[in-house]
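A short worksheet on the structure shown next.
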Amino acid sequence: MRFFEFRQILTEGDARIDHAEDYVIFQGSKGAAHALESLKRLEQGGHSDTTIKWDGSPAIIFGRNENGEFTLTDKSGFGAKGYDGKATSRDALQKMLMARPGARNPDPKKAEDYKQFIGNMKGIFNDYAKAVPKDHVGYFKGDLLYFTTPPQQNDTYVFTPNIVTYTVKASSDIGKRIGQSKTGVVIHRQVDAEGNESPINIDVNTYFEGNEVLVFPPVSVSKAPKVIDSEIDNLKVLISKNASALDDLLNKEALRQLKLTAFSDILYRYVNNKVDTGLENLGADFTSWLASSKVSKPMQERIITYITEHRAGFQSLWAVVVGIQKVKNDIIDQFDNHESDIKASIGNTPGGEGYVLSSPAGDMKLVNRSGFTAANRAIQR
């Protein structure tokens, strides 16, 4: 393979992975420096620790219980209260899904789509049951990439599990494995019977049995991006110059005393809301967003007073966030447009969900929020 290559390693990951720029919001100047160093490291060999972030759907959980019975369900079913959502047969899975409101949707098209989804879930049950070793105890949480073998178009396999369309060269290593499979999934976490999650600790290339289910291995970037040194240097100066103001703004003890411990989370919610309306002029309309948000009025008043008193830190925070976003998005564009055996696009625009940069200090999401995130949130709405 040229741009992407298989990594014969274990899948890593935390339940939550932050965007590069969010390190500023949650960790201040140290987080900003860490994000910047991580992005720069991509040019110096760190790209090999960067993997495709697959846009799969639906999310499924599968495995075997303490009695060795195979289970296939979704997130809602696994944690269900009031009914047994851990289906141990095709018929039980169908019955559980048919009992949900989706099957009774007044829109005939949506009701039909949901029934087709149920049929697809029932159809893969036996394939996944065969794939999970008989002596395995526990579950895997992941996202489905295709229910049935994708069609070939111009010597590539094409599949669209959610909003991203993937094209994979049929002659590539991953393409050959897709052709041998009936269904594909990418797994993120292992789950015990109580629902506690942990990183994957098996080799997905060798653990599962047969070829019917392709558990996608991590696919890493093999070509480094070019990072503009002047942009990195300017951001370093900006961070250094405003480190004290930034850290004063995000001082956890000061925020605790003012009953503003949720301050960083509120800033994070604001950024996510801006994804829907446009990420231009970040910070400039924060107060107007706050006034229309679900934040309580007393807390709104405390926040307004607080950012007025910490105006320099508040302004520098958004300047750093925007700067890191720019560097990150340029790197993502390079990854998306390099020659590769795996291509992703949303509509006619190159690019997929993004990438994950793994490191001992914590994994980092490289996602263009104006691209994938905006498109995905629009569909969810």
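Quick notes
- Hits in segment 192-205 - residues which are surrounded by fewer than 18 Cβ atoms within 10 Å (Cβ to Cβ) and of a type in the set (A, V, I, L, M, F, W, C): A193, I202
- Whichever residue in segment 205-239 is β-branched (V, I, T) and in contact (Cβ under 8 Å) with a residue 12 or more places away in the chain and, among such residues, is farthest from E43 (Cα to Cα): V213
- Those strands (runs of 3 or more DSSP E) lying entirely in segment 150-226 with at least 1 residues among the small types (G, A, S): 183-191, 219-221
- Looking only at segment 307-339, and only at residues there that are over 26 Å from E37 (Cα atoms) and buried (at least 18 other Cβ atoms within 10 Å of the Cβ), the one that is farthest from the chain's Cα centre (by Cα): H310
- Of the residues making up segment 56-103, those that are polar (S, T, N, Q), farther than 29 Å from Y166 by Cβ and without any contact (Cβ under 8 Å) to a residue 40 or more places away in the chain are N67, T88, S89.
- Scanning segment 79-102 for residues that are crowded, with 16+ Cβ neighbours inside 10 Å and part of a helix (DSSP H, G or I) yields R90, A92, L93, Q94, M96, L97.
- Here A284 clears all of (1) part of a helix (DSSP H, G or I); (2) surrounded by fewer than 17 Cβ atoms within 10 Å (Cβ to Cβ) except the condition numbered (1).
- For segment 363-381, a residue qualifies if it is at pLDDT 75 or above and in contact with an Asp or Glu (Cβ under 7 Å, 6 or more places away or on another chain), and the qualifying residues are D363, M364, K365, V367, F372.
- Residue selected from segment 347-374 under the condition surrounded by fewer than 20 Cβ atoms within 10 Å (Cβ to Cβ) and among the aliphatic types (A, V, I, L, M), by the criterion farthest from Q44 (Cα to Cα): A374
- Subset of segment 310-321 [part of a helix (DSSP H, G or I), under 17 Å from S264 (Cβ atoms) and of a type outside the set (G, A, S)]: F314, Q315, L317, W318, V320, V321
- Output for segment 248-264, where each listed residue is part of a helix (DSSP H, G or I) and either farther than 18 Å from K297 by Cβ or outside the structural domain of Q325 (by TED's automatic domain parsing) (or both): D248, L249, K252, E253, A254, L255, R256, Q257, S264
- Restricting attention to segment 156-174, the residues that are surrounded by fewer than 20 Cβ atoms within 10 Å (Cβ to Cβ) and farther than 21 Å from T349 by Cα add up to 3.
- If you check K81, K95, K122, K75 for being over 25 Å from the mean Cα position of the chain (by Cα), in the same structural domain as N162 (by TED's automatic domain parsing) and modelled with pLDDT under 90, only one passes: K81.
The values are calculated or read from the model by the stated rules, or taken from the named source; none is laboratory data. What you are looking at is a predicted structure, and each value in this text was computed from that prediction instead of being measured. FYI the Cβ positions are ideal-geometry reconstructions off the backbone, even for glycines, and counts take in every protein chain you see.
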